[in-house]
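Read the figures in this text as sums done on the coordinates, not as results from a lab. Since this is a predicted model, take the numbers as computed values, not measurements. Note that we place each Cβ from the backbone using ideal geometry, even for glycine, and neighbour counts take in every protein chain shown.
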Amino acid sequence: MLKRLFHSRVALVVVAVAITAVVVSGVSWALQSPIDGGGVIHGCYQPKTGSVRLMVNSTCPKSEPMAIAWNQTGQQGEQGIQGPAGPSDTWSARVQNQQAIATTSPYGTDLASVTVPAGNYLVTAKATILRNTATAGALVACYLSAGTTQLDSTGVSMDDSTPSADYPVVNHATIGDVADDTTLTFSCNGTDELAAGSIITATQVGTLH
């Protein structure tokens with residue numbers, strides 16, 4: 001009985017020593033990293049066999065006597081092909097004051113405009129049309145144009161006979177291959193109406209689809 005108990009205790013001691021050795025070995029590995037503070041990985045090389053071992057001490061063993069090192073982060077590659085230009089610039093003009101809309105040719109009264117360099121553009125313009133007469137059924141037509149070329153048109157019918165009625169109007173257009181110093185204009189054509197908060201915005205884009 002005593003002999004069996006002795007052997008059991010010896011076995012427990014052996015297991016405990018083995019576990020301790022594994023833990024100590026793991027801690028030692030964690031504390032001795034082959035990567036230094038500058039991000040350089042150190043190793044040991046055996047030229048005869050081509051084997052490489054990470055260096056966790058300051059020197060290489062006799063089995064891999066040649067010390068080697070390489071960067072954790074490689075060298076930057078060559079510059080890739082430049083992609084198409086994306087949205088880069090925006091031109092905008094805003095007139096907050098009320099403007100009288102007249103019936104003139106070809107596009108009525110110019111409310112806001114921007115001059116842009118060569119390129120492709122997404123153009124948006126908007127304003128609030130205010131009735132200035134009590135005549136129902138009056139029509140106000142608003143336009144976006146590039147020089148003398150019409151890009152977009154929107155009509156607003158004054159259905160309400162209330163003199164103070166407000167009517168929002170919005171124009172959108174895309175235009176490609178604009179020549180340098182082209183003027184984009186937002187204008188409206190009507191009779192005795194007013195426009196308030198007129199704004200035009202032109203955003204340069206890389207490609208139109």
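Put in line by how crowded their Cβ is, counting other Cβ atoms within 10 Å and starting with the fewest, 42, 209 read 209, 42.
Under 5 Å from the amide H of residue 158 lie the amide H atoms of 137, 138, 139, 140, each residue being 5 or more positions distant or on a separate chain, with H modelled from the backbone and absent for Pro and chain starts.
When you restrict to C-alpha pairs under 8 Å that are six or more residues apart and normalise by the size of the stretch 90-205, the relative contact order lands at 48 percent. For the stretch 90-205, the Kirkwood hydrodynamic radius comes to 14.1 Å, computed from all pairs of different C-alpha atoms. With the simple model of a label 7 Å out from the Cα in the direction of the Cβ, residue 149 to residue 66 spans 6.8 nm. As a proxy for reagent exposure, ranking 44, 142 by other Cβ atoms within 10 Å from fewest up yields 44, 142. Taking amide H positions as modeled 1.01 Å from N, with prolines and chain starts lacking one, the residues under 5 Å from residue 55 and 5 or more places away or on another chain are 42, 43, 44.
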